[in-house]
Amino acid sequence: MFSGEYQHSVDPKGRLIMPSKFREGLGEKFMITRGLDDCLFVYSMTDWESFETKLKSLPMTDNNARAFVRFFLSGATECELDKQGRILVPQNLRDYAGIDKDVAVVGVSSRVEIWDKDKWQKYICDVNANPNELAKNLTSIGLVF
């Protein structure tokens, strides 16, 4: 399980140091792809295979399902850590997430998210503005506190 928030920078070549706390859970090779909310999702190979299986089970006859599968799979790239614990974040993914230099690397249970630092701060401020409303909305999908 991934948790925590770390501030890092992407170097001019597009390399990002993956926090040491996340390296073991991700393994030597892992997948990075477009995520929701304008961030990037990073999955261990095991969790990626599980996620991909779920995507494959979606009906091809449904337009939304096809779009959802394309969204995640067309942007997916296998990554490896270099000797300094860095990954190369592909340019197309940096462009998608608006990542230029400063990022937040966030653990979110079964995945790691990579956010542009300013977008992350805005997102957190928006969520923190009304956590009671967020909790209330989650009861509609069966989450009870």
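The values are calculated or read from the model by the stated rules, or taken from the named source; none is laboratory data. Note that the coordinates shown come from a computational prediction; the quantities given were computed from them, not determined experimentally. Glycine gets a Cβ as well: all are built from the backbone with ideal geometry, and neighbour counts include every protein chain shown. In case anyone asks, the SASA skips ligands and DNA or RNA and just uses the protein heavy atoms, side chains included. Shrake-Rupley method; radii C 1.70, N 1.55, O 1.52, S 1.80 Å.
Summary of computed values
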| quantity | calculated |
| --- | --- |
| Any hit, region 84-95, residues being closer than 27 Å to Tyr123 by Cβ and among the polar types (S, T, N, Q) | yes |
| Qualifying position, being in contact (Cβ under 8 Å) with a residue 24 or more places away in the chain, in a strand (DSSP E or B) and aliphatic (A, V, I, L, M), among Leu73, Leu16, Leu93 | Leu16 |
| Search result, residues across region 25-43 that are open to solvent by 10 Å² or more (accessible area, probe 1.4 Å), within 18 Å of Gln84 (Cα to Cα) and not in a loop (DSSP other than H, G, I, E, B) | Gly25, Lys29 |
| Of all residues in region 107-145 being assigned to a helix (DSSP H, G or I), among the basic types (Lys, Arg) and modelled with pLDDT of 85 or more, the one that is surrounded by the fewest Cβ atoms within 10 Å (Cβ to Cβ) | Lys122 |
| Selected residue (only one of Gly98, Gly107, Gly85 is in contact with an Asp or Glu (Cβ under 6 Å, 6 or more places away or on another chain) and under 24 Å from Phe2 (Cβ atoms)) | Gly98 |
| Odd one out for Cys79 among (1) in contact with a helix residue (DSSP H, G or I) (Cβ under 9 Å, 6 or more places away or on another chain); (2) more than 26 Å from Glu28 (Cβ to Cβ) | (2) |
| Residues satisfying the stated conditions in region 44-55, i.e. open to solvent by less than 50 Å² (accessible area, probe 1.4 Å) and either outside any helix (DSSP H, G or I) or aliphatic (A, V, I, L, M) (or both) | Ser44, Leu55 |
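Table: residues versus (1) on the phi < 0 side of the Ramachandran plot; (2) not polar (S, T, N, Q).
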residue: His8; (1), (2): yes, yes
residue: Lys29; (1), (2): yes, yes
residue: Asp37; (1), (2): no, yes
residue: Ser44; (1), (2): yes, no
residue: Ser50; (1), (2): yes, no
residue: Phe72; (1), (2): yes, yes
residue: Ala97; (1), (2): yes, yes
